[in-house]
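Okay, handing you the structure first.
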């Protein structure tokens, strides 16, 4: 079923209405909006999958939301969503279904994708993962000398690395005794520093690469094998210590990995959506398979909400439409993710990859140039650190940068007043962005400073903050496997909503592929016995420096 929109987004009546709405809200004061409507926070709030979204501090009113939802319906958002969950081929440039949601679907026995029922193989893989994890944790599965495993080196790149790493960090309170060490960068330092911390006899190496040929991942895995063999192990012992998540079984077996230690990947799961699959094996090893299952169930709860809730009460839809509102009508070129939980410190980088690799596109699904901006720059960090750095730009910079604040109500590590102070800072930052500080308030603060009228006026202007800076606040009772799963799925679906409205393919990444191709050509020049210097003059000059290993001629 082709669900692409027939009328371009910018020509839809709702788009034109939103252009007028943007002008009407130019003079809106969010501070005044709250004063005029005591129920504003309650009206602009939605709860799902153990998460609460307060979106009342956005530059919106009821008319804005109505037009946004009209725009979503005009773009056939609901039909596009249903097509994804149904297993239709919506990644049309690669001819693939998009079924990461099937990986956490515990309610269906049958789901067809590309002519096959995918549910039995998903369940078989989960059962294999569970057995493997339990054997490692119980000591039934050991290294070649009979010693239990104490460490895991998890090697991947992109989604095969970042998703598991962020989830493992986030679920640290649930960690078992195994220590996880993640390696992605092909910079040898990254691997060497990890290998310094572990013992070859008690280390499991887990390599994740669909093709088993990903340059960085294969190089790191080969170097890890060299390290292992140099410790006194034999090639035959590789089978006891190396595991792969890959669809290229022959290549993995040739490498020395036992076929029993190879877990499948599927074309209908993109890398940045893959932590729910066997790519999540490091997560299960880190926190136990029961907690990995809870992660899946949390994501599934958000899937159900996304599928079933009307658009007006649908959390991913609301967040996706608000993001579009600022990107396309306020020229907001970036969005910031602010996590007020140390365990979630890696989440902004994860959402950065998820959103920017998905929606960093300049042509629509038919290959035509888009007539509007698409994916914004996603960035962020943990609170309260950022308050003493880039929050200055959020409050007084010239750009509007929408913010998402993420806060658990309770900490895994209650310590004195720490969590109350953390939470107070989170709420105060969102409030400050919304209400700002006007000139009269700034002058009142300076009263009694023995300043001349001219100096008072000059200094007060530096202390003015315009306010009206939009933000969402996402709240959970505590960071658990289930709430983490729901949170990640929320951002997956928010990303889908934006791509569906913009009529772009959120599931390919040709910009990533170009760098790989050119990188191989440059590598061949660097390593050639006699370089041909067939690149542009800049690249040729830099290749020459690398071959010389010196800046001196």
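The values are calculated or read from the model by the stated rules, or taken from the named source; none is laboratory data. Fair warning: this is a prediction, and the values are worked out from it, not measured in the lab. Here the Cβ positions follow ideal geometry from the backbone for every residue, glycine too, while neighbour counts run over all protein chains shown.
For the stretch 446-491, give me the residue count where each residue is in a helix (DSSP H, G or I) and surrounded by 14 or more Cβ atoms within 10 Å (Cβ to Cβ).
17
Continuing with the same structure: If you take the residues in the stretch 234-247 that are more than 17 Å from residue 153 (Cα to Cα) and part of a loop (DSSP other than H, G, I, E, B), which one is modelled with the highest pLDDT?
Within the stretch 234-247, the match that is modelled with the highest pLDDT is 234.
Just to be sure, is residue 500 modelled with pLDDT of 95 or more, assigned to a helix (DSSP H, G or I) and within 30 Å of residue 363 (Cα to Cα)?
It is true that residue 500 is modelled with pLDDT of 95 or more, assigned to a helix (DSSP H, G or I) and within 30 Å of residue 363 (Cα to Cα).
Please find, within the stretch 393-412, the residue that is surrounded by the most Cβ atoms within 10 Å (Cβ to Cβ) out of those that are part of a loop (DSSP other than H, G, I, E, B) and in contact with a strand residue (DSSP E or B) (Cβ under 6 Å, 6 or more places away or on another chain).
402
Out of curiosity, is residue 257 within 30 Å of residue 142 (Cβ to Cβ) and either at pLDDT below 95 or not in a helix (DSSP H, G or I) (or both)?
Taking the combined requirement at face value, the residue satisfies it.
Another one. Within the stretch 201-222, identify whether any single residue is surrounded by fewer than 20 Cβ atoms within 10 Å (Cβ to Cβ), over 26 Å from the mean Cα position of the chain (by Cα), at pLDDT 95 or above and under 19 Å from residue 245 (Cα atoms), and answer yes or no.
Yes, some residue in the stretch 201-222 is surrounded by fewer than 20 Cβ atoms within 10 Å (Cβ to Cβ), over 26 Å from the mean Cα position of the chain (by Cα), at pLDDT 95 or above and under 19 Å from residue 245 (Cα atoms).
Filter the stretch 86-101 for residues that are assigned to a helix (DSSP H, G or I) and in contact with a helix residue (DSSP H, G or I) (Cβ under 6 Å, 6 or more places away or on another chain) and give the result.
Once the filter is applied, which keeps residues that are assigned to a helix (DSSP H, G or I) and in contact with a helix residue (DSSP H, G or I) (Cβ under 6 Å, 6 or more places away or on another chain), the stretch 86-101 yields 100, 101.
Okay, residues lined up against (1) without any contact (Cβ under 8 Å) to a residue 24 or more places away in the chain; (2) touching a strand residue (DSSP E or B) at 6+ places or on another chain (Cβ under 7 Å); (3) in the same structural domain as residue 131 (by TED's automatic domain parsing); (4) under 24 Å from residue 269 (Cβ atoms):
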residue	(1), (2), (3), (4)
200	no, no, yes, no
208	no, yes, yes, yes
214	no, no, yes, yes
220	no, yes, yes, yes
233	no, no, yes, no
243	no, yes, yes, yes
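Exactly one condition in (1) in contact with a helix residue (DSSP H, G or I) (Cβ under 7 Å, 6 or more places away or on another chain); (2) at pLDDT 95 or above; (3) closer than 28 Å to residue 382 by Cα; (4) not in a loop (DSSP other than H, G, I, E, B) is false for residue 160; which is it?
Every listed condition holds for residue 160 apart from (2).
All but one of (1) farther than 17 Å from residue 295 by Cα; (2) out of contact with any helix residue (DSSP H, G or I) (no Cβ under 9 Å at 6 or more places or on another chain) hold for residue 147; which doesn't?
(2)
Looking only at the stretch 83-112, count every residue that is within 26 Å of residue 293 (Cβ to Cβ) and under 25 Å from the mean Cα position of the chain (by Cα) and tell me the total.
Summing the residues that are within 26 Å of residue 293 (Cβ to Cβ) and under 25 Å from the mean Cα position of the chain (by Cα) in the stretch 83-112 gives 14.
Still on this structure: So, in the stretch 177-195, exactly how many residues are within 19 Å of residue 134 (Cα to Cα) and touching a helix residue (DSSP H, G or I) at 6+ places or on another chain (Cβ under 6 Å)?
Of the residues in that region, 2 qualify.
Just checking, how many residues over the stretch 382-392 are under 23 Å from the mean Cα position of the chain (by Cα) and outside any loop (DSSP other than H, G, I, E, B)?
Of the residues in the stretch 382-392, 5 are under 23 Å from the mean Cα position of the chain (by Cα) and outside any loop (DSSP other than H, G, I, E, B).
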